[in-house]
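J.: I have a structure here, written as structure tokens, and I will follow up with some questions on it.
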Amino acid sequence: MNVSTLNVQVARKAVEAEGVCTFELVETAGQPLPAFSAGSHIDVRLPGGLTRQYSLCNDPTETHRYLIGVLREPASRGGSAAMHDVVQEGTRLEISAPKNHFPLAHDARRSLLLAGGIGITPILCMAERLAMAGADFELHYCTRSPARAAFLQRIRDAAFAPRAAFHFDDGDAAQKIDLPTLLSNPVEGTHLYVCGPKGFMDAVLGTARASGWPEARLHFEFFSAEVGPMAGDDTFEVKLASSGRTVRVAKDRSVVQALADAGVVVQTSCEQGVCGTCLTRVNDGVPDHRDVYLTPEEQAANDQFTPCCSRAKTPLLVLDL
Ligand code: FES
């Protein structure tokens, strides 16, 4: 982490729903925390060295605490398991200052907020912000069951509850979300925000794009990409534009790892194509994008990629390094 590192400790840890814990973080010396806006996240340096991103889900006007909600991922690569098993009340953590890659559009006349599972964390913050501003919005929250729905009571008790609809996988067919109908009419001035697991996001964004929503009115934040070796991954080379040096990327190594082996450090954070920290310009060659950070248009431009997880479709990529 860099100069904007904050030292915090866990003031309260609570079970919020099945598989979900919330952590209330306060500045270690009792100082106020930097302000944030709805949709912001922080990087959390976990015991064990991993860094993970968690959205802030408390009222953005609060400066005495940050609240995050963490789902224990069954296929955790160590991040959520460490938060659930190792981090306790009193644990001190290093975090980044809040960053916002998922801000509300201030010119929206209406906002459609869609959350899948733990994706509710930034979406809830947005709903509360919009409600406070008296803005027009609708919230749809999809989870497997009420028991697994974090912040269910907070939403039911909120003044904006009439604007919120719940969709449970284990509920009857009538309450299931009907994306083609919900997204069928991309009215001018309406913005769509979506956060949740990749399958949910792909379904929402795919339906929206097929219904003619312009990209500028689609706002999304993925929690994790499905990174890792894929069948057919092959060896390729990357060339550093500054020195002309060429580095071979073996099929079981990432570009970041291969460069590190060659003594070239690329700054990373999530290492799973989510945060954009490692974003690197590509001067020549075609990347094989595996991230969820860049938009489809940005990926199609092929002039930048995330070397923590993305690979190459051509035998050589020339990198602006
Ligand atoms: S380190 Fe986060 S996208 Fe590469």
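J.: Mind checking the full-extension length gain between ASP202 and HIS64? Use 0.36 nm per residue of separation minus the Cα-Cα distance, one decimal, nm.
T.: Working: separation 138, 0.36 × 138 = 49.68 nm, distance 3.60 nm.
Difference between extended and current length: 46.1 nm.
J.: What's the center-to-center distance, using Cα atoms, between the range 148-222 and the range 233-253 in Å?
T.: If we compute the Cα centre of each part, the gap is 41 Å.
J.: Oh, and also: Springs between alpha-carbon atoms under 10 Å, Gaussian network over the chain: tell me which of GLU89, GLU128, GLU271 tops the mean-square fluctuations.
T.: GLU89
J.: Give me the distance in nm between label points sitting 7 Å out from Cα along the Cα-to-Cβ direction at ALA300 and ALA11, one decimal.
T.: Here the modelled spin labels are 4.7 nm apart.
J.: GNM, the chain, Cα, under 10 Å: largest mean-square fluctuation among ILE42, ILE177, ILE68?
T.: Answer for the Gaussian network model of the chain: ILE177.
J.: Sticking with this one: Calculate how steeply helix 198-210 sits against the longest principal axis of the alpha-carbon atoms of the chain, using the helix alpha-carbon long axis, and give the answer as 0 to 90 degrees to the nearest 10.
T.: The angle comes out near 90 degrees.
J.: Ranked from the most accessible area to the least, with a 1.4 Å probe and all protein chains present, what is the order of ARG163, ARG92, ARG154?
T.: Values: ARG163 90, ARG92 160, ARG154 70 Å².
Putting ARG163, ARG92, ARG154 in descending order of accessible area: ARG92, ARG163, ARG154.
J.: Now, a different point. Hey, if we sort ILE123, ILE118 by accessible area with the 1.4 Å probe, largest down, what's the order? It would help to have the intermediate numbers written out before the result.
T.: Values: ILE123 0, ILE118 25 Å².
The most accessible residue leads, giving ILE118, ILE123.
J.: A follow-up question, please. In square angstrom, rounded to the nearest 10, how much accessible surface does ASP170 have for a 1.4 Å probe?
T.: For ASP170, solvent-accessible area is about 100 Å².
J.: How many angstrom lie between the Cα centre of the range 19-34 and the Cα centre of the range 254-269?
T.: Between the Cα centre of the range 19-34 and that of the range 254-269, the gap is 32 Å.
J.: Let me ask something else. Please give the solvent-accessible surface of LYS251 in Å², to the nearest 10, using a probe radius of 1.4 Å with every protein chain present.
T.: 120 Å²
J.: How tilted is helix 120-132 with respect to the longest principal axis of the chain? Cα atoms for both, answer in degrees (0 to 90, nearest 10).
T.: Long axis of 120-132 versus the principal axis of the chain: about 50 degrees.
J.: Considering the chain as a Gaussian network with a 10 Å cut-off on Cα pairs, which listed residue, GLY232, GLY79, GLY199, attains the greatest mean-square fluctuation?
T.: The residue with the greatest mean-square fluctuation here is GLY232.
J.: How high is the relative contact order of the range 136-214, in percent, counting Cα pairs under 8 Å that sit 6 or more residues apart?
T.: On the way: 59 pairs, mean separation 21.4, N = 79.
Answer for the range 136-214 is 27 percent.
J.: Dipole of the chain (Lys/Arg Cβ +1, Asp/Glu Cβ -1, origin at the Cα centre): which of THR51, THR143, LEU182 lies farthest to the positive side?
T.: Ranked along the dipole, the leading option is THR51.
J.: Can I ask one more? How much solvent-accessible surface does PHE160 expose, in Å² to the nearest 10, with a 1.4 Å probe and all protein chains in place?
T.: 10 Å²
J.: So what is the relative contact order for the range 65-138, in percent, with contacts set as C-alpha pairs under 8 Å and at least six apart?
T.: Reported as a whole number, the value is 29 percent.
J.: What is the extension gain from ASP261 to ALA216, computed as 0.36 nm multiplied by their sequence separation minus the C-alpha to C-alpha distance, in nm to one decimal? Don't jump to the answer; show the numbers that get you there.
T.: Working: separation 45, 0.36 × 45 = 16.20 nm, distance 3.93 nm.
Gain on stretching ASP261 to ALA216: 12.3 nm.
J.: May I ask you to derive the FRET efficiency for ALA241 and THR28 from their Cβ-Cβ distance with R0 = 56 Å, giving the value to the nearest 0.05?
T.: Working: r = 43 Å, r/R0 = 0.76.
With a Förster radius of 56 Å, E is 0.85.
J.: Give me the percent relative contact order of the range 1-112, please, defined on Cα pairs under 8 angstrom at least 6 residues apart. It would help to have the intermediate numbers written out before the result.
T.: Details: 225 pairs, mean separation 40.3, N = 112.
For the range 1-112, the relative contact order is 36 percent.
J.: So which of LYS13/LYS99; LYS13/LYS176; LYS176/LYS198 end up more than 21 Å apart by C-alpha? Numbers along the way, then the final one.
T.: On the way: LYS13/LYS99 23 Å; LYS13/LYS176 32 Å; LYS176/LYS198 18 Å.
From the list (LYS13/LYS99; LYS13/LYS176; LYS176/LYS198), the Cα-Cα distance tops 21 Å for LYS13/LYS99; LYS13/LYS176.
J.: Another question about this same structure. Compute the length gained on full extension between ASP178 and ASP233: take 0.36 nm times their separation in residues and subtract their Cα-Cα distance, giving the result in nm to one decimal.
T.: Details: separation 55, 0.36 × 55 = 19.80 nm, distance 3.68 nm.
Stretched out fully, the ASP178 to ASP233 stretch lengthens by 16.1 nm.
J.: What size of dipole, in debye to the nearest 20, comes out for the range 8-142 about its Cα centre when the only charges are +1 on Lys and Arg C-beta atoms and -1 on Asp and Glu C-beta atoms?
T.: Working: 12 positive and 15 negative charges, 53 e Å.
In total the dipole reaches around 260 debye.
The values are calculated or read from the model by the stated rules, or taken from the named source; none is laboratory data. Since the model is a prediction, treat every value here as computed from it, not as a measurement. Please note: Cβ atoms are built from the backbone with ideal geometry, for glycine as well, and neighbour counts cover all protein chains shown. Remember, those area values only see protein heavy atoms, side chains included, never the ligands or the DNA or RNA. Shrake-Rupley method; radii C 1.70, N 1.55, O 1.52, S 1.80 Å.
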